[in-house]
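Undergrad: One structure, as structure tokens, below. Some questions next.
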Amino acid sequence: MIWFAVPSIRAMAAASFLFLNFLATTSSINGSSESSNGSCIPAERAALLSFKDGITSDPGNRLVSWQQEHHDCCQWSGVTCSSRTGHVIKLDLRNRSPPVGEFNGPDEQHSLVGQVSSSLLALRHCLRHLDLSGNIFLGDEMGMPRFLGSLQSLTYLNLSFMGFYGRVPPQLGNLSKLEQLDMLGDLSHPSPLYSNDISWVDGLRSLEHLNMGSVNLSGAVHWFHTVNALPNLAVLVLRFCSLNAPSSLVHHNLTVLEELDLSYNSLNSPAAPNWFWDLTSLRSLRLWGCELSGTFPDELGNLTLLETFDISYNNIKGMIPGTLQNMCNLRSLNLSFNNIGGDIAEVVHRIPNCSWKNLQELNMKSANITGTTLQFVSNLSSLIRLEISGNHLSGSVPVEIGTLRNLTVLDLGNNSLRGVISEVHLAGLMNLKIIDLSHNYLEFTIGSHWVPQFNLVWASMSACHLGPQFPKWFQRQERIMYLDISNTGLLGRIPDWFWTTFSKAEYLDISLNKLSGELPLSLDFMSMIALCMQSNLLTGLVPKLPRTIEVLDISKNTLNGFAPNFQAPHLQFAILFSNCISGTIPTSICTLQELMVLDLSNNLLTMELPDCGRKELTQWNPSSNNSPRVNSMNYFTTLLLSNNSLSGGFPLFVLQCPNLIFLDLTRNKFTGELPGWISEVVPNLVVLRLGSNNFSGHIPIEILGLGNVSILDLSNNNFSGAIPQYLENLKALTTSHSILADNPFEEIYYDKFGFTITGLYDDSFSVVIKGQVLDYGENTIFLRSIDLSCNSLVGEIPKELSSLVGLINLNLSSNLLSGNIPNKIGNLRSLESLDLSKNKLDGEIPQGLSDLTYLSYLNLSYNNLSGRIPTGHQLDVLKTNDLASMYIGNPGLCGHPIPRQCHGPPGDLPTNSDPSQMDFLLGSIVGLVAGAWMVFCGLVFKKRWRYAYFGLLDKLYDRLYVISIVTWRKWFRNTDVN
């Protein structure tokens, strides 16, 4: 039995070894717990504190619990430890303020600031979940850390919205256990992240979720081959990635893919065929903005599991196919901004009936859809969003729309809907948050005692009829952030509750009504970003504004001044034209460092502009390095002050605005000289209008340094001296292409909903062109004009003027200019209006004027011009009731169209005649003279020639005499017979 003992001993020894090993392991674990004073490993706690040392700012106090004296790091905010081992397995420092939307990233004011410390490598054997997303200043335009590829235990990594810059490190391909990878960037801005080769993704064989939205993958030619090799991939988000389109016939292995988002990639291909129509496992397919064209493929019906389908912003034409009838799981359908066409009832009929009760989102905005009924809404009882604005719908809004109790978004704007909106339409919409009924023909007939059950956040009813009384049901809408009730027929005073009810609103538009009364003296308790109240009957003072305001438009009212302490540190647009504002412009304007546009035209302002402490800089030398440039308004681009009674010299306020583009001081009482420093202080000026003032002195030659000027108006002043030479330096006028990209009467800004709002305020300036005064507003960007009329300018018109081939309007009338009209004036091929009247110009009118094919107005009257008036081409078709009026007051002129006829043959031949023709003409004249001279000499010196010549004349005389006598007698004989 001894031979049995040996294996028994061996078995007992092995069992003893395993038991001792278990005890040792247990002891080790207990020991680590005890030494960590809880469940936190000291080394990992030290690593976290080292990570915190790399954070220089924590505005949200998310790391306030990360303290040296708080020993249990597993209790720190954002840290999760294993309950079994005590190791840190999850680090979640995501910036969740505010929630990230479709186009808006997180709030930068709550972002952690600093850098991602490599101390996280101490967690590489245990950390499974790392989320640093939304902390834009942790990336701070630095490269994505390569050491992240060494955190081998990670199954979840989220680096979205972190502001990283440069190449995505291929070391991320080492994370073989990774199941979810997110590096989504801000979709409202181009991402600085890129990857020219994503073959490193092959190493992520466990990957189920990949989101590289907005990462530039334009260089990743074989991107589809790479993602196609991931066997477990269920979510693929590659929107805004500049992808190249793979072959539409490519084979795929993505058999478990449930969500695909390729939005905003220029696939630029027909919608059918395409590889994604074969992904029968899909539950979500987003293809908006992919430049797909053609018709919907019938294969779309194969996606029977599809819940979300977004193909908006493409070039799809025609009705959705009837093969969708088995798509019973459909929850969200977005067909907007395509050319669907057809009747809306037919479109809804093509949506599978089996999904009607489940459909939550239906978006068909701007899809070229017609129809007269929306009765189908009663079948879509689960709708949360209904958006069909921007189509050609007519008829009325059915009361059944009030049965959609789950509806949060109702957008029917920009159609031709008619009829009334009553309480019945709105009573059942208990969850309504956003409503847009604007630009229809709808009339609200809601009683003053009706109390809505919803709390709106966004409401647009512009161009509907809400009046005449201000709707009282608005009084309970205290959560509104955006309200547009412009042009709605409102009369009377703005109710006092309006300002308190909407104190949290960021956008308020009550313009184009007939609201009257005074505004509150102070609105600083409000949260407005934009306030639009133009074209009403408001009186009183411009109120003290909220600190948050960026856009203020109170134009076309009868306001008469500014409230004290007119300050708004973030104001960008101040549109106050066409009021009765008197007094002076407040000096607080000097503190508006973010101001871009100030329009105070058509008011009663007097005195000088504030100099903002620059009076000592009257003799300022811009080239001097020690010249002070403090508190400059670097964003300021537009200053419009025309038609006031402002006085003083050229405003030193301009020294505050180095980026000024539009300056209009016309119709005021400014005096003094135009400073030579203007081209150095504001070199980007595009519009300079100083007309109808009392400026004097010479036009400084430095003004020609304004190479971007497209509109130069110095008319109706007291300028003297000669027109400066070197006009070719006005580069913007030497080309027919407009340099103007922005409109001086346009306001562009972003609201919190992620929309770009462009407002064109109804201001303009007058230009004397084509013999009349025309108002230029949004079409200003196309005008290129020089107007120096009604001054005392002397000397000749500079020959360099002919280089300004982009000029549309040239007015030099009512000066003392002399000399000839430049011969090359015909080079100004874009010219439509030319006025040189009431000067002392002499010489002939250049024939080149007939080459101005766009010329529709010409005035050369009251000069000393002489010679024959040129004709041909454009000069023969000028449109005017009195052609002669163009030349009246020039006694030396002759020819059509004036009565004075020219004597002798037409004047000199055109200077641009062909030299060969001139040689031929000269030779003919010489030959004629020589031949005549030879005949004359022959008659003088040859007697026989003389006898023959005069004999011939006698015979000719006798023959003519006989013929005349015979003819005379025949005529009288016939007369006698009669």
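The values are calculated or read from the model by the stated rules, or taken from the named source; none is laboratory data. On a predicted model such as this, the values are computed, not experimentally measured, just so you know. In this analysis, Cβ positions are derived from the backbone assuming ideal geometry, glycine residues included, and neighbour counts consider all displayed protein chains. Only protein heavy atoms, including side chains, enter the accessible area calculation; ligands, DNA and RNA are left aside. Shrake-Rupley method; radii C 1.70, N 1.55, O 1.52, S 1.80 Å.
Undergrad: Could you list, in sequence order, the residues of the range 354-399 that are in a helix (DSSP H, G or I) and surrounded by fewer than 19 Cβ atoms within 10 Å (Cβ to Cβ)? Walk me through it before giving the result.
TA: Step one: of the range 354-399, the residues in a helix (DSSP H, G or I) are 354-355, 375-379, 399.
Across the range 354-399, the qualifying residues are Cys354, Gln375, Phe376, Ser378, Asn379, Val399.
Undergrad: Looking at the range 416-449, which of its residues are among the aliphatic types (A, V, I, L, M), in contact with a Ser or Thr (Cβ under 8 Å, 6 or more places away or on another chain) and under 16 Å from Gln477 (Cβ atoms)?
TA: Ile421, Leu432, Ile434, Ile435, Leu437, Ile446 - these are the residues of the range 416-449 that are among the aliphatic types (A, V, I, L, M), in contact with a Ser or Thr (Cβ under 8 Å, 6 or more places away or on another chain) and under 16 Å from Gln477 (Cβ atoms).
Undergrad: Among the residues that make up the range 145-154, is at least one of them in contact with a helix residue (DSSP H, G or I) (Cβ under 6 Å, 6 or more places away or on another chain), of a type in the set (Phe, Trp, Tyr) and without any contact (Cβ under 8 Å) to a residue 60 or more places away in the chain?
TA: yes
Undergrad: Please find, within the range 417-463, the residue that is surrounded by the fewest Cβ atoms within 10 Å (Cβ to Cβ) out of those that are within 18 Å of Asn487 (Cβ to Cβ) and charged (D, E, K, R).
TA: So the residue we want is Arg418.
Undergrad: Can you work out which of the residues in the range 217-235 that are within 32 Å of the chain's Cα centre (by Cα) and either in contact (Cβ under 8 Å) with a residue 60 or more places away in the chain or buried (at least 21 other Cβ atoms within 10 Å of the Cβ) (or both) is nearest to Gly289 (Cα to Cα)?
TA: Leu217
Undergrad: Is there a residue being at pLDDT 95 or above and under 19 Å from Ile585 (Cα atoms) anywhere in the range 522-531?
TA: No, because not a single residue in the range 522-531 is at pLDDT 95 or above and under 19 Å from Ile585 (Cα atoms).
Undergrad: From the list Gln171, Gln109, which residue is open to solvent by 20 Å² or more (accessible area, probe 1.4 Å), more than 25 Å from Leu204 (Cβ to Cβ) and in a helix (DSSP H, G or I)? Don't jump to the end; show me each part of the working.
TA: Values: Gln171 fails: more than 25 Å from Leu204 (Cβ to Cβ).
After ruling out the rest, the residue left standing is Gln109.
Undergrad: List the strands (runs of 3 or more DSSP E) inside the range 496-554, counting only whole elements, that have at least 2 residues being within 15 Å of Ala568 (Cβ to Cβ) and in contact with a helix residue (DSSP H, G or I) (Cβ under 6 Å, 6 or more places away or on another chain). Show your work before the answer.
TA: Numbers: elements: 507-509, 514-518, 530-532, 537-539, 551-553.
No strands (runs of 3 or more DSSP E) qualify here.
For (1) part of a loop (DSSP other than H, G, I, E, B); (2) open to solvent by 10 Å² or more (accessible area, probe 1.4 Å); (3) not hydroxyl-bearing (Ser, Thr, Tyr), each residue gets a yes or a no:
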residue: Asn643; (1), (2), (3): yes, yes, yes
residue: Phe650; (1), (2), (3): yes, yes, yes
residue: Val654; (1), (2), (3): no, no, yes
residue: Leu660; (1), (2), (3): yes, no, yes
residue: Gly672; (1), (2), (3): no, yes, yes
residue: Asn684; (1), (2), (3): yes, yes, yes
residue: Leu688; (1), (2), (3): no, no, yes
residue: Ser696; (1), (2), (3): no, yes, no
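Undergrad: Go through the range 424-494 and tell me which strands (runs of 3 or more DSSP E), entirely inside it, have 1 or more residues that are more than 29 Å from the chain's Cα centre (by Cα) and among the aromatic types (Phe, Trp, Tyr). Give the derivation first.
TA: Numbers: elements: 434-436, 441-444, 458-460, 482-484, 491-493.
It comes to 441-444.
Undergrad: For the range 578-597, how many residues meet the condition of being open to solvent by less than 10 Å² (accessible area, probe 1.4 Å) and within 23 Å of the chain's Cα centre (by Cα)?
TA: Number satisfying all stated conditions: 2.
Undergrad: Filter the range 49-68 down to the residues that are out of contact with any helix residue (DSSP H, G or I) (no Cβ under 6 Å at 6 or more places or on another chain) and in a loop (DSSP other than H, G, I, E, B), then identify the one that is farthest from Ser97 (Cα to Cα).
TA: Residues of the range 49-68 out of contact with any helix residue (DSSP H, G or I) (no Cβ under 6 Å at 6 or more places or on another chain): 49, 52-58, 61-62, 64-65, 67-68.
In the following step, the residues that additionally are in a loop (DSSP other than H, G, I, E, B) were identified as 54, 58, 61-62, 64-65, 67-68.
Values: Gly54: 21, Asp58: 13, Asn61: 12, Arg62: 12, Val64: 17, Ser65: 19, Gln67: 23, Gln68: 27 Å.
Among those residues, the one meeting the criterion is Gln68.
Undergrad: In the range 464-474, what residues are modelled with pLDDT of 95 or more and open to solvent by 30 Å² or more (accessible area, probe 1.4 Å)?
TA: His465
Undergrad: In the range 611-650, which residues are within 21 Å of Phe695 (Cβ to Cβ) and modelled with pLDDT under 90?
TA: Answer for the range 611-650, where residues must be within 21 Å of Phe695 (Cβ to Cβ) and modelled with pLDDT under 90: Asp611, Arg614, Lys615, Leu617, Thr618, Gln619, Trp620, Pro622.
Undergrad: Please determine whether any residue of the range 360-383 is in contact with an Asp or Glu (Cβ under 6 Å, 6 or more places away or on another chain) and on the phi > 0 side of the Ramachandran plot.
TA: Restricting attention to the range 360-383, the residues satisfying the condition of being in contact with an Asp or Glu (Cβ under 6 Å, 6 or more places away or on another chain) are 363, 365, 370-371, 377-378.
Add one more test, that the residue is on the phi > 0 side of the Ramachandran plot, and what stays is 371.
Yes, the range 360-383 contains a residue that is in contact with an Asp or Glu (Cβ under 6 Å, 6 or more places away or on another chain) and on the phi > 0 side of the Ramachandran plot.
Undergrad: Picking from Ser160, Ser153, Ser133, Ser119, which residue would you name as being surrounded by 15 or more Cβ atoms within 10 Å (Cβ to Cβ), of a type in the set (Ser, Thr, Tyr) and assigned to a helix (DSSP H, G or I)? If you could, list the steps in order and put the result at the bottom.
TA: Numbers: Ser160 fails: assigned to a helix (DSSP H, G or I); Ser153 fails: assigned to a helix (DSSP H, G or I); Ser133 fails: assigned to a helix (DSSP H, G or I).
None of the other options fit; the residue is Ser119.
To keep it simple, each residue is scored yes or no on (1) of a type in the set (Lys, Arg); (2) touching a Cys at 6+ places or on another chain (Cβ under 9 Å).
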| site | (1), (2) |
| --- | --- |
| His71 | no, yes |
| Cys74 | no, yes |
| Gly86 | no, yes |
| Leu130 | no, no |
| Ile136 | no, no |
| Met144 | no, no |
| Arg167 | yes, no |
| Glu179 | no, no |
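Undergrad: Just give me the residues in the range 69-98 being in a loop (DSSP other than H, G, I, E, B) and either aliphatic (A, V, I, L, M) or surrounded by 21 or more Cβ atoms within 10 Å (Cβ to Cβ) (or both), in sequence order.
TA: Result: Trp76, Gly86, Leu93, Asn95.
Undergrad: Would you please list the contacts, defined by Cβ atoms under 6 Å and residues six or more apart or on different chains, that run from a residue in the range 837-865 that is farther than 18 Å from Val805 by Cβ to a residue that is surrounded by fewer than 20 Cβ atoms within 10 Å (Cβ to Cβ) and among the acidic types (Asp, Glu)?
TA: Asn864/Asp842
Undergrad: With respect to the numbered conditions (1) part of a loop (DSSP other than H, G, I, E, B); (2) open to solvent by 10 Å² or more (accessible area, probe 1.4 Å); (3) touching a strand residue (DSSP E or B) at 6+ places or on another chain (Cβ under 7 Å), which one is the sole condition not fulfilled by Met142?
TA: (3)
Undergrad: Still on this structure: Restricting to the range 95-136, and then to whatever is of a type in the set (D, E, K, R) and at pLDDT 95 or above, can you tell me which residue is farthest from Leu159 (Cα to Cα)? Reasoning before the result, please.
TA: Initial filter on the range 95-136 (of a type in the set (D, E, K, R)): 96, 102, 107-108, 124, 128, 131.
Now drop any that are not at pLDDT 95 or above, which leaves 128, 131.
Working: Arg128: 14, Asp131: 7 Å.
Once the filter is applied, the top-ranked residue is Arg128.
Undergrad: How many of the residues making up the range 242-266 are farther than 16 Å from Leu292 by Cα and either open to solvent by 30 Å² or more (accessible area, probe 1.4 Å) or at pLDDT below 95 (or both)?
TA: Within the range 242-266, residues that are farther than 16 Å from Leu292 by Cα and either open to solvent by 30 Å² or more (accessible area, probe 1.4 Å) or at pLDDT below 95 (or both) number 9.
Undergrad: As an exercise: evaluate Glu728 against (1) open to solvent by 20 Å² or more (accessible area, probe 1.4 Å); (2) assigned to a strand (DSSP E or B); (3) closer than 24 Å to Ile825 by Cβ and give the number of the one condition it does not meet.
TA: (2)
Undergrad: Got a sec? Which strands (runs of 3 or more DSSP E) wholly within the range 252-344 have at least 2 residues that are more than 20 Å from Thr370 (Cα to Cα), of a type in the set (Asp, Glu) and touching a residue at least 24 places away in the same chain (Cβ under 8 Å)?
TA: Fully inside the range 252-344 and qualifying: 259-261.
Undergrad: Something else now. Return yes or no: is Ala568 in a strand (DSSP E or B), of a type outside the set (Asp, Glu) and open to solvent by less than 30 Å² (accessible area, probe 1.4 Å)? Don't jump to the end; show me each part of the working.
TA: Values: in a strand (DSSP E or B): no; of a type outside the set (Asp, Glu): yes; open to solvent by less than 30 Å² (accessible area, probe 1.4 Å): yes.
When the stated conditions are applied, Ala568 does not pass them.
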